[in-house]
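Heads up, the thing below is written out as structure tokens.
The values are calculated or read from the model by the stated rules, or taken from the named source; none is laboratory data. Given the structure is predicted, the values throughout are model-derived calculations rather than measurements. When we count neighbours, we look across all protein chains shown, and the Cβ atoms used for this are built from the backbone with ideal geometry, even at glycine.
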Amino acid sequence: MSRWLTGLLLIPLLMPVQAEEFDFDISRYEKKPFEFSGHLEIKPEYRYFDQDSTLYRLNFPTADEQPSSDDRYSGVLELEGLYRSGASSLNFHAQATAQHDIYGGSGNADVFQLYYRHSTDTLTFELGKRALKWGTGYAWNPVGFIQRVKDPSDPELSREGFVIASLDYVKSFDGPLQAIAFTPVLLPVTHSINEDFSPEGDVNLAGRLYLLYRDTDIDLLFLTDGSRSGRIGLDFSRNLATNLEMHGELAWIHDQARFILDEGEAINIRRQDSTSYLLGIRYLSAQDTTYILEYYHNGSGLSKNEAERFFNLLHSAESTGEVSAVEKARHIAGQAGFFTPNYMRDYLHLRVSQKEPFDIVYLSADLTSIINLQDHSYSLVPGVNYTGFNNIELRLRAALNQGAPHSEFGEKLVENRIELRVRYFF
Amino acid sequence: MRYVFLLLWLLLAAVPLHAQDAQQLLQEVDRRLQPESYEMYRKLINIEPDGDKKAFVLYTVKKGNDKMLALFLDPPSEKGRTTLRLADNMWLYIPDVGRPLRITSLQSVVGGVFNNSDIMRLDFSAEYHAESVKREDGEYLLELKAKSNSVAYDRLRMWVDQEARVPTRIEAYAASGLLIKTLHYSNIKDFGNGIVRPAMLETDSPLHKGYKSVMLFSGVKPRDFSDEVFSLSFMSKAGELRE
């Protein structure tokens, strides 16, 4: 009776429930010598220009060619792959882009990464072009000493690396110190290797010491004096609660060159130590809303008065109507990093993202804002993302730049923008 | 005789077993489901009300009570994403982002009914206290309480098959008492190495009406790993662990 009863109860368990419907063959996921993947992206974009901005007048100086808007179309192909043999592998990541806008058509192709890797459980050696990502910040990484600056308005975009040789040694422990990892990196700069890291040739040594101590990620980082001035840094990340994470970065740069415009509109290179830092939190609410809030102090950034002088320089050059004067002013401002994102000192970044709004699975909505705390200008980027179609990701975003005259976001070329990004993954 | 047996069976069903028995049973369930250190492949299929499906394939390795690493192998948009869990710490590595980010167990990695906690679940006995067990309808019913608030579900009610000692159904509740989801185990299969366990897990949730998720298990086998495999440094190399 007991066996009969048990047997009866086990029948539903032993039945191959809808086995034919849910097929799972793992042989196609086993490790193979070659792996290859990538995505194709198209992005139509409508841009509305701020015709009162300084950058607009620099871009469209002649009165007969002053558009109020344009349509920009861009396409991106990214390919990634590897060939492995035993504990070694050859890895690559390349990107090709093409775009057409009011300036005409253009295209580019770059090898973002191409490197040899040999690894065991505890030791990894890498040689070649490699994009290292250091720092715990979401929008900015002041301790990212040997990486290209990320775009704070789209921080998850892949970035090009530098040619390096690196080791990574990791060891785990029981106790308060749970793990330790040390990563020394050699980064040579010559006229043909890593020439965009710095114009000064040298063999640069950088490194990172990672500790997982009492459930806190801690990194100690350095770059020795060489092609760039020497710098040290520290970052951390810790979960304060199950739904609250806190992170921060601190970087001290020795004798950093700053390009200052004096009253006579002559450029001066001033060398001084600078300290940059970032403090942020990530919070997940019960309604599945994620908040990321970061404060960033850029120690080598321009003060409000210093930025004002650059605007005056550009404005007076543009008012002469002479192309050579405009080009000279552009060169000076560009040298000082005036056209790079977030060139001033104090910023706030806020990102609010809602998973599955209106209970629509695979949809997420987000709002991102970067606020310049010195001139009170800001950007506002609302967007929605949909991943419900197999291998296709859709992202619709708008962007609004607002601010007073002679403010960072108030003087952007593009005042409003709307874009649709379609990515097909393979 | 038949009535005597039935009376005895009903009496047994009514008698609650001790908490110690409950804990032992829970540990046995854990060992029946998976070895302490193992590798496995899982396929997650989210099924929408209109029948549309989206599938994810994960390669997972686990060591001891508190270490787990899961790598997405499919679909291509998720390929290379790796989640690491060390006790209550959890990180997500996205190849484009290029460095691990701390995340919480409550966040969803793939959307739909599954969240990180379902994908990165350690042994039940590592996350839950077994408060009591009783016999109900020919099965054991375990009442489980989360050991800490970092666990996604505050309480579990787990029905365990008396012979196979594996779960047949689990109800997951929030601290408020709200039923968040129900898990149905089925299709018991011999994976070799003495592992006989359900090969399929279906999940539905009153919070996602009409949606259903299915998890298929394959290639479950005991395997030992060094502790360093479960480190941030190793996350970008997780795919190399496959044999």
Inset, instruction - Give the residues of the stretch A:131-174 that are aromatic (Phe, Trp, Tyr) and outside any loop (DSSP other than H, G, I, E, B), sorted by residue number. - result: A:PHE162, A:TYR169
Inset, instruction - Take the stretch A:211-233 and flag every residue that is in contact with an Asp or Glu (Cβ under 7 Å, 6 or more places away or on another chain) and more than 14 Å from every other protein chain (Cβ to nearest Cβ). - result: A:GLY226, A:SER227, A:SER229, A:GLY233
Inset, instruction - Report yes if some residue within the stretch B:181-202 is buried (at least 20 other Cβ atoms within 10 Å of the Cβ), more than 7 Å from chain A (Cβ to nearest Cβ) and of a type in the set (Lys, Arg); otherwise report no. - result: yes
Inset, instruction - Hey, can you tell me all the residues within the stretch B:74-89 that are free of Cβ contacts under 8 Å to residues at least 40 places away in the same chain and more than 16 Å from the chain's Cα centre (by Cα)? - result: B:ASP74, B:PRO75, B:PRO76, B:SER77, B:GLU78, B:LYS79, B:ARG81, B:ASN89
Inset, instruction - Output the number of residues of the stretch A:331-351 satisfying the condition of being of a type in the set (Ser, Thr, Tyr) and surrounded by fewer than 20 Cβ atoms within 10 Å (Cβ to Cβ). - result: 2
Legend entry - Residues (part of a loop (DSSP other than H, G, I, E, B), in contact with an Asp or Glu (Cβ under 9 Å, 6 or more places away or on another chain) and more than 20 Å from A:ALA404 (Cβ to Cβ)) located in the stretch A:40-69: A:PRO61
Inset, instruction - Kindly indicate the residue of the stretch A:14-35 that is more than 7 Å from chain B (Cβ to nearest Cβ), surrounded by 10 or more Cβ atoms within 10 Å (Cβ to Cβ) and modelled with pLDDT of 70 or more and also nearest to A:LEU90 (Cα to Cα) among those meeting that condition. - result: A:GLU35
Legend entry - Looking only at the stretch B:26-58, and only at residues there that are within 9 Å of chain A (Cβ to nearest Cβ) and within 14 Å of the chain's Cα centre (by Cα), the one that is nearest to B:PHE225 (Cα to Cα): B:TYR41
Legend entry - Lone unmet requirement of (1) within 12 Å of chain B (Cβ to nearest Cβ); (2) in contact with an Asp or Glu (Cβ under 7 Å, 6 or more places away or on another chain); (3) among the charged types (D, E, K, R) for A:ASP359: (2)
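Would you confirm whether or not the stretch A:328-342 contains a residue that is in contact with a Pro (Cβ under 9 Å, 6 or more places away or on another chain), part of a loop (DSSP other than H, G, I, E, B) and in contact (Cβ under 8 Å) with a residue 24 or more places away in the chain?
yes
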Inset, instruction - Could you please let me know if A:GLN374 is within 14 Å of chain B (Cβ to nearest Cβ), part of a loop (DSSP other than H, G, I, E, B) and over 18 Å from the mean Cα position of the chain (by Cα)? - result: no
Legend entry - the stretch A:352-371 - residue that is crowded, with 18+ Cβ neighbours inside 10 Å and part of a loop (DSSP other than H, G, I, E, B) and, of those, nearest to the chain's Cα centre (by Cα): A:TYR362
Inset, instruction - Report, by residue number, each residue of the stretch A:177-230 that is within 17 Å of A:LEU250 (Cβ to Cβ) and in contact with a Gly (Cβ under 6 Å, 6 or more places away or on another chain). - result: A:LEU221, A:PHE222
Inset, instruction - Output the qualifying pairs, or none if there are none: Cβ atoms under 8 angstrom, residues six or more apart or on different chains, first residue in the stretch A:393-406 and surrounded by fewer than 15 Cβ atoms within 10 Å (Cβ to Cβ), second residue not in a strand (DSSP E or B). - result: A:ALA404/A:ASP375; A:ALA404/A:HIS376; A:ALA404/A:SER377; A:ALA404/A:GLY410; A:PRO405/A:ASP52; A:PRO405/A:GLU411
Legend entry - Wholly within the stretch B:145-243, strands (runs of 3 or more DSSP E) carrying at least 2 residues that are farther than 30 Å from B:GLU48 by Cβ: B:155-161, B:179-192, B:195-204, B:212-222
Inset, instruction - Name the residue, out of B:VAL214, B:VAL160, that is more than 9 Å from every other protein chain (Cβ to nearest Cβ) and crowded, with 21+ Cβ neighbours inside 10 Å. - result: B:VAL160
Legend entry - Residue list for the stretch A:175-210, restricted to those being more than 14 Å from chain B (Cβ to nearest Cβ), of a type in the set (A, V, I, L, M) and assigned to a strand (DSSP E or B): A:LEU186, A:LEU187, A:VAL189, A:VAL203, A:LEU205, A:ALA206
Inset, instruction - With respect to B:MET235, determine if the residue is touching a residue at least 12 places away in the same chain (Cβ under 8 Å), more than 10 Å from every other protein chain (Cβ to nearest Cβ) and of a type in the set (A, V, I, L, M). - result: yes
Inset, instruction - Would you mind stating whether A:TYR347 is more than 14 Å from chain B (Cβ to nearest Cβ), in contact (Cβ under 8 Å) with a residue 24 or more places away in the chain and in contact with a helix residue (DSSP H, G or I) (Cβ under 8 Å, 6 or more places away or on another chain)? - result: no
Legend entry - Failed item in (1) away from every other protein chain (no Cβ under 14 Å); (2) in contact with a His (Cβ under 8 Å, 6 or more places away or on another chain); (3) within 17 Å of A:GLY75 (Cβ to Cβ), with A:GLU419 passing the rest: (2)
Inset, instruction - Looking only at the stretch B:73-106, count how many residues are closer than 28 Å to A:LEU40 by Cα and either modelled with pLDDT under 85 or facing chain A (nearest Cβ under 9 Å) (or both). - result: 17
